[in-house]
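Heads up: the structure comes next, in structure tokens.
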Amino acid sequence: MGGSDWVYTETVKDHFMNPRNILMDEAEFNADGSGTVGSMACGDEMLVAIKVENDIITDCKWKTYGCASAIASTSILSVFVKGMTLAEGYKITPADITDQLGGLPNHKFHCSVLGDRALRTAIDDYLEKQDRTNPFKGNTAVIICECKEVTDQDIEDQVKRGVSTYEELQEKTEIGTVCGKCKDKTLELIHEYNHLYGGSHG
Amino acid sequence: MNEQTIYLDNNATTPLHPEVIKELTNSFKNFGNPSSMHFFGRESTSRVEWARQQVALLINAREDEILFTGGGSESNNMVLKQFLPVSATRERNKVITSVIEHPSVLETVRELEKEGMEAVFIGVDSKGRVNIDKLEKAVDNKTALVSIMLANNEIGTIEDIKKISKIVHASGALMHTDAVQALGKIKVDVIDLGVDFLSFSGHKFYGPKGVGGLFIKHGLKISSLIHGGHQENGRRAGTINGPGIAGVGKAAEMANLELEEESLRLDKLRNKLEIGLMDSISNIYINGDIDSRLPGTLNLSFPGAEGESILLYLDIAGVAVSTGSACATGSLEPSHVLIATGVDIENAHGSIRFSFGKFNVEKDVDYVLSILPGIIEKIRMMSTFSSK
């Protein structure tokens, strides 16, 4: 059928059709760290397993239950994460993955790009197994609005700059303008930061 | 590019019947406004009235009981919205429907509920059959209308409308059925079904899109959703879509001729695919009622394989199907029909609907049987399911 009419880019199609680095044999791969996020009931579930040497991710394999964008996003992550330091890997965002794929349809963005989270879980698992303190945890921004990828730090920054209402924040960041399910959490954070930074609605 | 292109999504829409294409080509030349009295108008009118006769024949109705609309959704809206505005002095302010209806019924009933009507949504069993005991308990002397579909679009289950109509009429309420998926696939007889209203749509039985209709039992009044001119006896304003209606008339005429043989043929094709897949792929489930199902509809769940992925691998291989997975629609919820039948949410995400039509042949089934087992194996291999 006409490939050009696909809702996905050629890169997505390629990684969907020819997925790289599938975890075929868990025992043989003998991961240094692994993590699973999502659930089959939600429609997407990902397992990311990594090998680590001198804090560098030397190999990455995965399994994904999900749609084409979920499969392609884990596949491409497993390719570009190799050679990264743990610190670099920990900072990967859904947008980084999407950019590598040449973009995804809007409605696919928040539900199918779980690879970054799976990778962080795998790094956490690695550090825990090594009995090392986790220098990354807590320092990372947490995504509040998955659709527009707005983090708690973004909200904090905006409040510091004078934003004090949900509507103002929406104007600045487009937070909650797609599915809107983050609204309650966002209101809580605005309240909290207003309180901290003396916003007028604090 | 793939050499093979096999269309197995006929419940979504059907290609035009070659005779319909001929009819449309001719009818588009009759540009006259059917409301005009002159020769040009009369020529268009005669074809519209011929079409009305064909549709009436197909469902065993009178010609004056057929109203043409812009499609199934409009017909469903029209029936349900007859009960607006809600009036406190009216005795009957309750509407009953099922949880597996088409969105054009479900969403409209929710609107009626917002406007103050009492709405009852009756559940279904694991095969998608409406719980008639519960329906019987819900129908009372406050009930204005019951709307239950004749055949479900996703799983193909055929409801016992004849029995439901009797229950509904015993309480003095009116009975509507959405027969959009049934027309042209199974025998539909409004007298036998005992319904007061019946919705249909042209493009589900090889007619054009944007034209459908409503059967309104003789003697029942219905007010127009669209105000304006006096077309369709004042029941639907707007210039009559002469060519489109003629196309639906031709589709109805062809259905009258071909239905019996065609439904047997579709049944055979569907059964061949069903048996073939059950034999070649482990761990799959049939959704719907195998004892009372539309011929040509097969809905399967493939645990461990997500529906959109299956759909797209089939698409690349040249086979068009649809899925109940949330991922394919942009919503976050999988098929409301499958969930209502109690299918696990995972199995709803992994569901595929194959729907056959008049242009499908046996070698289409052979082709699907030759590629689908490999596709499912590949998807399951890369799935977290395989490590469970």
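Bin all alpha-carbon pair distances of region A:3-129 at 10 Å intervals from 0 and give each bin's fraction as a whole percent. Answer for region A:3-129: a P(r) of 14, 48, 31, 6, 0 percent.
Listing B:Lys29, B:Lys94 from fewest to most neighbouring C-beta atoms within 10 Å gives B:Lys29, B:Lys94. Scanning chain A for long hydrophobic helices, with DSSP H runs required to stretch 15 angstrom or more by C-alpha along their axis and to average at least 0.5 on the Kyte-Doolittle scale, returns A:68-80. Rg and Dmax, both from the Cα atoms of region A:50-97 and both in Å, are 11.0, 34. Less than 5 angstrom separates the built amide H of B:Thr157 from those of B:Asn152, B:Asp289, B:Leu294, all sequence-distant by 5 or more or on a different chain. Expressed as a whole percent, the proportion of Cα-Cα pairs in region B:229-306 lying more than 15 Å apart is 71%.
Across the protein assembly as shown, the fraction of Cα-Cα pairs farther apart than 33 Å, rounded to a whole number, is 54%. Region B:89-115 and region B:1-71 have their alpha-carbon centroids 30 Å apart. Sorting the segments B:48-55, A:73-80, B:376-383 by their mean number of nearby beta carbons within 10 angstrom, highest to lowest, gives A:73-80, B:48-55, B:376-383.
Counting every pair of alpha carbons in region B:201-264, the share spaced more than 16 Å apart comes to 56 percent. State log₁₀ I(q)/I(0) for region A:143-197 at q = 0.14, 0.15 Å⁻¹ as given by the Debye formula over alpha-carbon point scatterers of equal weight, solvent excluded. Debye curve over Cα of region A:143-197, log10 I(q)/I(0) at q = 0.14, 0.15 Å⁻¹: -0.27, -0.31. Working note: 222 nm ellipticity from helices only, DSSP H runs with n ≥ 4, each -39,500 (n - 2.57), summed and divided by the residues of the protein assembly as shown, gives -12500 deg cm²/dmol to the nearest 500.
Close Lys pairs in region A:50-151 (alpha-carbon distance under 16 Å; sequence gap of 8 or more, or different chains): 9. Evaluating 6.51 cos²θ - 1.76 cosθ + 1.60 at θ = phi - 60° for every residue in region B:142-147, the Karplus couplings come out as 9, 7, 8, 8, 10, 10 Hz, glycine and proline recorded as x.
Normalised by the number of residues in region A:5-151, the mean separation of alpha-carbon contacts (under 8 Å, six or more apart) gives a relative contact order of 27 percent. Among B:Asp133, B:Asp64, B:Asp366, whose mean-square fluctuation peaks in a Gaussian network model of chain B (Cα, cutoff 10 Å)? In this elastic network of chain B, the residue with the biggest mean-square fluctuation among B:Asp133, B:Asp64, B:Asp366 is B:Asp133. What is the calculated FRET efficiency for A:Asp131 to A:Thr165, with r their C-beta to C-beta distance and R₀ = 45 Å, to the nearest 0.05? Using R0 = 45 Å, I get an efficiency of 0.45. The spread of Cα positions in region B:139-254, taken along each principal axis and listed from longest to shortest, comes to 42, 34, 23 Å.
To the nearest ten degrees, helix B:242-280 and the longest principal axis of the Cα atoms of chain B are 20 degrees apart. Between the Cα long axis of helix B:39-59 and the first principal axis of chain B there is an angle of about 60°, rounded to the nearest 10. Only Cα sites of region B:18-254 enter the Debye sum here, all with the same form factor; the resulting log10 I(q)/I(0) across q = 0.08, 0.09, 0.10, 0.12 1/Å is -0.29, -0.37, -0.46, -0.65, listed in q order. Relative to the longest principal axis of the Cα atoms of chain B, helix B:103-114 runs at roughly 60 degrees. Relative protection proxy for B:155-163, B:83-91, B:304-312, B:367-375, from highest mean packing down: B:304-312, B:155-163, B:367-375, B:83-91 (other beta-carbon atoms within 10 angstrom). Cross-link partners for B:Lys137 among the lysines, with Cα-Cα distance under 30 Å and sequence neighbours closer than 8 places in the same chain left out: B:Lys81, B:Lys94, B:Lys114, B:Lys127, B:Lys162, B:Lys163, B:Lys166, B:Lys187, B:Lys217, B:Lys221. Each of B:Val195, B:Val248 has some number of other Cβ atoms within 10 Å of its Cβ, and from fewest to most they run B:Val195, B:Val248. Global dimensions of region B:262-337 from alpha-carbon coordinates: Rg and Dmax equal 13.2, 37 Å.
Amide H contacts under 5 Å for A:Ile144: A:Val150, A:Thr151, A:Asp152, restricted to partners 5 or more places along the chain or on a different chain, H placed in the peptide plane at 1.01 Å from N. Scoring B:170-181, B:283-294 by mean Cβ neighbours within 10 Å over their residues and listing the highest first yields B:170-181, B:283-294. If you count, for every residue in B:307-314, the Cβ atoms of partner chains within 10 Å of its Cβ, what is the mean? Taking all residues of B:307-314 together, the mean is 5. Residue by residue along A:20-29, Cβ atoms of other protein chains within 10 Å of the local Cβ number 1 on average.
P(r) for region B:4-106: what percent of alpha-carbon pairs falls in each 5 Å bin, starting at zero? Reading the bins upward from 0: 2, 9, 11, 15, 17, 16, 11, 9, 6, 3, 1, 0, 0. Under the criterion of Cα pairs below 8 Å and six or more residues apart, the relative contact order for chain B equals 22 percent. Per-residue shielding of B:173-186, expressed as the average number of other chain Cβ atoms within 10 Å of the residue Cβ, stands at 0.
Laboratory data are not the source of any read-out in this text; all were calculated from the coordinates shown. Please read all numbers here as calculations on a predicted model, not as lab measurements. Every residue, glycine as well, gets a Cβ built from its backbone with ideal geometry; the counts of neighbours run over all protein chains shown.
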